[in-house]
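The next block holds one structure in the form of structure tokens; read it before the comments.
The values are calculated or read from the model by the stated rules, or taken from the named source; none is laboratory data. None of the values given here were measured: they were computed from a predicted structure. Cβ sites come from the backbone with ideal geometry, for glycine too, and all protein chains shown count toward neighbours.
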Amino acid sequence: MRSIFVTLISIGLVAAGSGLSAEVPGGARLKDIAALQGPAATSVVGYGLVVGLNKTGDRKQTIFSAQTLASMLERFGVAVSPNAMKVENIAAVVVTAEIGPYIQNGGRIDVVASSIGDARSLQGGTLLPTPLRGPDGAVIALAQGALSIGGFGAGGGGNSVAVNHLTVGRVPRGATVQAFHSASLAGMETVNLALYEPDFASASRVVEKLLEHGNYPGIATHDEAILGHVRKFVQRNGIGPERFEFQMLYGVRRDLQEQLVQSGCRMRVYIPFGTQWYPYLMRRLAERPANIAFILGNIVKESVPGL
């Protein structure tokens, strides 16, 4: 049986088996409220041109946009010197995106195009086909399409107004993945999921569904309300302690850990170690700043008996 452990303290879970397709609060699918943890997403980047601008593109001093256009025209058999070109309806952009670890070739992803010249606006522009390269320099995806700008600009008679940022645009589903080696879940005994919004109701219902569908969830949380809810649920439904486990960090709420063990529950204690402990700690704090107060509060409790 596949194990699914559910980390509820700041993010997600880890759990098992057939319950992954179960519905949770409001009829939502588990995939809609939680992300699959494991291999990281791959960042890709490319350099391209946006065309079709209404005289809001790069101007004369941005020489590389004119050079890029001249090189492109030369490939089509049109020889034009960059110095002889004066166009204001193009803009050089850097295109960025993230490719999830489980996406398949042929899948489509959103891309963001950001001006790197002196263009005033990308409004109304179209991104020309742009290869997107991974960290190793290999082309992974191809992006193109009409830009969607999260603002607008207008002017006349020497006056102008702009709302939001006009030199960054998005192309929804604008890139096609072409040569990506996606990760596989085949043979994995443990699947890790992270809740997008780890509130009490969603966390509790996810655990309930996993238990109802015969999974072995590991509930990783220090929240007494969630712990109490899970214990009441398993008692009410006759679920034995061999069907689930609680997980906590070493040195955090040791009194609660001992109480759970004494009551017959399984307890797994995690001990962060190794050379990467500091980056791990900083990442956890950045993910959820409230963890700072939580850790400090537990240090005080451990240091002052009786609190």
**Request:** Of the conditions (1) in the same structural domain as Asn192 (by TED's automatic domain parsing); (2) modelled with pLDDT under 75, Gln262 clears all except one; give me its number.
**Result:** (2)
**Prompt:** Taking the condition under 30 Å from Asn215 (Cβ atoms) and either surrounded by fewer than 14 Cβ atoms within 10 Å (Cβ to Cβ) or at pLDDT 85 or above (or both), does Ala84 pass?
**Reply:** no
**Asked** Could you list, in sequence order, the residues of the range 253-277 that are out of contact with any strand residue (DSSP E or B) (no Cβ under 6 Å at 6 or more places or on another chain) and in a helix (DSSP H, G or I)?
**Response** Arg254, Asp255, Leu256, Glu258, Gln259, Gln262, Trp277
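Rundown of residues vs (1) assigned to a strand (DSSP E or B); (2) at pLDDT below 95; (3) not assigned by TED's automatic domain parsing to the domain that holds Leu147, yes/no style:
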site: Leu73; (1), (2), (3): no, yes, no
site: Ala79; (1), (2), (3): no, yes, no
site: Glu88; (1), (2), (3): no, yes, no
site: Val94; (1), (2), (3): yes, no, no
site: Glu98; (1), (2), (3): yes, yes, no
site: Val111; (1), (2), (3): yes, no, no
site: Gly117; (1), (2), (3): no, yes, no
**Asked** Is it the case that some residue within the range 177-185 is of a type in the set (A, V, I, L, M, F, W, C), surrounded by fewer than 12 Cβ atoms within 10 Å (Cβ to Cβ) and either at pLDDT below 85 or farther than 15 Å from Gln247 by Cβ (or both)?
**Response** yes
**Complete:** Over the range 75-111, the set of residues of a type in the set (A, V, I, L, M, F, W, C) and closer than 20 Å to Thr62 by Cβ is Val80, Ala84, Met85, Val87, Ile90, Ala91, Ala92, Val93, Val94, Val95
